[in-house]
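Structure first, then comments.
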There are 2 protein chains.
Amino acid sequence: MTVLSHPVQPILARTRQQLLPVLSAAIDRLDGPLRHMCGYQLGLLELDGTPTGRLDGKLLRPAFTLLCADATGARTADVLPAAAAVELLHNACLVHDDVMDRDLLRRHRPTVWAHFGIGEAILAGDALIGLAFEVLADREHPAARAALSHLAVTLRQLGQGQERDLRASAETEVSVADCLATFAGKTGSLFGCACRFGALFGPAGAEAERFDRFGTDLGIAFQLADDLLDIWSDTAVTGKPASDLRARRKSAPVVYALAASSELRDIYATDAEFDDATTARVIALIEATGARAWTEGEASARTRAAWGEIDGLALDPAARGELAQLAAAILEAG
Amino acid sequence: MTVLSHPVQPILARTRQQLLPVLSAAIDRLDGPLRHMCGYQLGLLELDGTPTGRLDGKLLRPAFTLLCADATGARTADVLPAAAAVELLHNACLVHDDVMDRDLLRRHRPTVWAHFGIGEAILAGDALIGLAFEVLADREHPAARAALSHLAVTLRQLGQGQERDLRASAETEVSVADCLATFAGKTGSLFGCACRFGALFGPAGAEAERFDRFGTDLGIAFQLADDLLDIWSDTAVTGKPASDLRARRKSAPVVYALAASSELRDIYATDAEFDDATTARVIALIEATGARAWTEGEASARTRAAWGEIDGLALDPAARGELAQLAAAILEAG
């Protein structure tokens with residue numbers, strides 16, 4: 001993922017400032033290595049346990065929560081725990097996904113499992129799940145039970161999506177429909193939850209479902225954009241040159257192209273690692289199938305569908321504008 | 001763990017009957033391999049996915065929830081989701097612990113990770129955590145938010161306990177205090193939560209904290225009894241002859257004895273597997289330090305403290321009697 005474009009930096013900086021004390025307080029509920037690992041994952045602590053005074057990650061999901069709250073007139077104080085819960089659950093998934101994928105680096109630092117071990121990382125992920133529910137449950141609010149219920153549903157959907165993804169990496173035949181269902185689970189559900197929570201704690205609580213669908217569609221579009229970026233981007237900026245492609249992940253363009261190109265299927269049928277020449281050939285083959293245009297079209301269609309969900313609602317114009325800026329930025333940046 | 005004594009079989013059979021539909025409905029919220037793995041872990045499904053029509057496990061924790069409800073006059077229908085949540089969270093821990101410990105068998109069947117793989121098992125554990133919250137959040141009740149909040153706290157405590165346990169297995173110096181803190185986390189917290197939930201949804205809601213302390217102390221006593229059983233029991237009954245000892249787990253008698261016997265420390269300082277002769281020698285050394293008597297004494301003290309928490313309360317006499325039977329049975333059986 002690349003650096004987000006300039007206009008949304010103030011939005012993300014504000015989110016960072018608002019979440020820093022909430023997430024710091026959340027990890028302080030933990031002791032010992034669990035606190036160390038969870039704080040490290042969030043960027044609050046260095047690998048040696050020294051406080052950094054900062055939060056890592058782009059904080060896109062809580063930024064959507066806070067902007068949806070602003071757009072619908074919910075109070076920031078009411079939604080902050082929910083925004084924190086979303087970010088904690090996201091990080092729980094990252095910690096567990098890194099174990100499953102055996103990824104060694106995240107945000108240019110060693111992953112939790114790579115440094116602390118697999119068993120410890122499983123527990124760190126579990127602790128982050130627990131903190132997400134704890135932070136959300138601590139706030140007395142009429143919508144709290146509905147929010148907790150939905151956070152649990154989201155955890156289930158994230159698991160279903162990640163499980164599909166795990167199987168897809170082992171299976172030879174993955175359909176485009178499977179791929180989109182995976183994205184709906186592993187990315188759409190939490191973006192949907194983030195936007196739902198923005199509306200749920202305020203006067204637009206009854207419209208929370210619409211905001212969920214808005215976020216879900218936007219999350220799928222974001223995942224599609226991320227897949228495009230892995231293959232067709234300036235690798236110097238992302239720091240991971242076609243790394244998903246080389247790891248043979250079944251991204252949307254890859255899945256689309258595999259169905260259309262027998263030469264590509266032959267390459268994927270071998271076990272050899274993709275060297276630079278093979279990677280270039282694979283990218284050329286993918287592009288020749290029209291997979292890039294198809295993926296871009298899907299991302300656009302999802303984005304239009306997202307806005308269709310909330311366009312009819314009376315939203316605060318300034319917040320609506322920022323929401324549009326953020327949505328555009330994540331689709332550009334992947 | 002051995003078969004529980006005859007008088008409590010009807011209590012456990014009743015718990016099983018009450019939980020079977022609730023837990024079956026819970027796993028039906030999942031699809032595909034996640035449903036398969038979670039159903040398999042609970043005993044609802046065979047390894048090949050065929051329904052068994054039964055639930056596995058002794059269901060001690062939900063049995064305590066239901067008996068504490070009966071004792072305090074809470075309605076069974078109000079506490080059943082909470083009893084199911086406790087059992088789901090327990091199974092989530094088992095699935096993740098089996099990955100961490102690389103245990104191959106549980107309840108005489110392959111563990112989830114051993115059959116489905118580590119990545120899948122991590123997701124199955126996460127899904128069981130999610131289901132625990134989902135089942136609990138589905139029930140509208142004035143105590144629901146407090147229960148959800150406490151389930152999250154319990155997940156944190158379980159993680160802290162398991163993390164201590166994981167470290168203890170690698171560390172040479174583990175104190176008796178560390179060991180008891182581990183037990184409070186990994187066993188006491190969920191027994192405490194189970195008993196708290198029994199009271200929380202009924203007229204004795206204000207006494208829920210006392211029931212939590214009752215369950216916590218009883219859980220610690222149960223873990224101590226389980227440690228005793230691993231070393232000093234009829235192995236034909238438990239099916240795991242000193243397996244924790246051979247795996248060099250830092251059980252309470254082992255930790256106590258290591259502090260007192262230099263010969264024992266020398267044996268533990270070697271890397272060689274414990275053969276039968278070494279195991280017999282280790283057991284003799286542990287017993288010679290008085291570790292068995294100390295562990296038995298600690299278990300008794302915890303049991304007395306447990307009953308001290310709720311003895312002053314006006315409880316339904318029949319349910320109080322069953323609670324005493326169940327508590328006695330788990331301490332005998334470990």
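The values are calculated or read from the model by the stated rules, or taken from the named source; none is laboratory data. Remember, predicted model here, so these are calculated numbers, not experimental data. With ideal geometry, Cβ positions are generated from the backbone for all residues, glycine too; neighbour counts draw on all protein chains shown. For accessibility, only protein heavy atoms count, side chains too; no ligands or nucleic acids. Shrake-Rupley method; radii C 1.70, N 1.55, O 1.52, S 1.80 Å.
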Heavy-atom accessible surface of region B:220-306: percent carbon and sulfur, 1.4 Å: 51
Cα-projected label distance for residue B:324 with residue B:52, points at 7 Å along beta-carbon direction, nm: 3.4
Neighbour-limited loop hits for trypsin sites (Lys or Arg not before Pro), region B:2-48 (at most 11 other Cβ within 10 Å; DSSP other than H, G, I, E, B): none
Rounded D (µm²/s) - region A:225-326, Kirkwood Rh over Cα pairs, Stokes-Einstein at 25 °C, 0.890 mPa s: 158
Accessible area of region A:92-187 belonging to carbon and sulfur atoms, whole % at 1.4 Å probe: 50
GNM flexibility winner over chain A from A:222, A:274, A:64 (Cα, springs under 10 Å): A:274
Exposure ranking of B:48, B:101, A:165 by accessible area [1.4 Å probe, largest first]: B:48, B:101, A:165
Degrees separating the helix A:189-200 axis from the principal Cα axis of chain A, which is the longest one: 20
Label zone at residue A:316, where the point sits 7 Å out along the Cα-to-Cβ direction: region A:207-223 residues whose backbone N lies under 16 Å: none
Size of charge dipole - region B:208-334 - debye, nearest 20, with Cβ of Lys, Arg +1 and Asp, Glu -1, no other charges: 180
Percent of C-alpha pairs per 10 Å bin, chain B, short to long: 6, 26, 34, 24, 9, 1
In degrees, nearest ten, helix B:118-138 long axis to first principal axis of chain B (Cα): 40
Gaussian network model of chain A, Cα within-10 Å springs - most flexible of A:133, A:197, A:211: A:133
GNM top mover of B:103, B:227, B:217 - chain B, alpha-carbon springs below 10 Å: B:103
Full-stretch length increase - residue A:300, residue A:280 - with 0.36 nm per residue and alpha-carbon distance subtracted: 4.6 nm
Gyration tensor verdict on region B:106-191 (Cα atoms; rounded if a/c is under 1.5, prolate if a/b is larger than b/c, oblate otherwise): oblate
Spacing of the two label points (7 Å from each Cα toward its C-beta) at residue B:263 and residue B:14, in nm: 5.1
For residue B:272, inter-copy label distances in nm, listed shortest first [label point 7 Å out on the Cα-Cβ vector]: 5.0
Taking chain A and dividing mean pair separation by its residue count, relative contact order in percent (alpha carbons under 8 Å, at least six apart): 21
Sparse-neighbour loop sites [trypsin sites (Lys or Arg not before Pro); region A:70-116; at most 16 other C-beta within 10 Å; DSSP]: A:75, A:102, A:107
Between region A:283-299 and region A:129-161, the alpha-carbon center distance in angstrom: 37
Accessible-area value, residue A:294, 1.4 Å probe, nucleic acids and ligands omitted, Å²: 60
Probe 1.4 Å - accessible area at residue A:275, Å² to nearest ten: 80
Virtual spin-label span in nm between residue A:104 and residue B:107, 7 Å along Cα→Cβ: 4.0
Dipole magnitude of chain A, debye to nearest 20 (Cβ charges: Lys/Arg +1, Asp/Glu -1, about Cα centre): 540
Cut-off 13 Å, label 7 Å out along Cα→Cβ of residue A:288, residues of region A:260-274 by amide N: A:260-267
R0 of 45 Å, Cβ-Cβ distance residue B:75-residue A:247: FRET efficiency to nearest 0.05: 0.25
Viscosity 1.567 mPa s, 4 °C: Kirkwood-radius Stokes-Einstein D of the protein assembly as shown over Cα pairs, µm²/s: 49
Probe 1.4 Å, accessible area per residue of the protein assembly as shown, Å²: 37
Candidates per GluC sites (Glu not before Pro) in region A:105-170, loop by DSSP, up to 16 other Cβ within 10 Å: A:140
With Cα atoms, 0 to 90° folded angle of helix B:144-170 axis to chain B main axis: 10
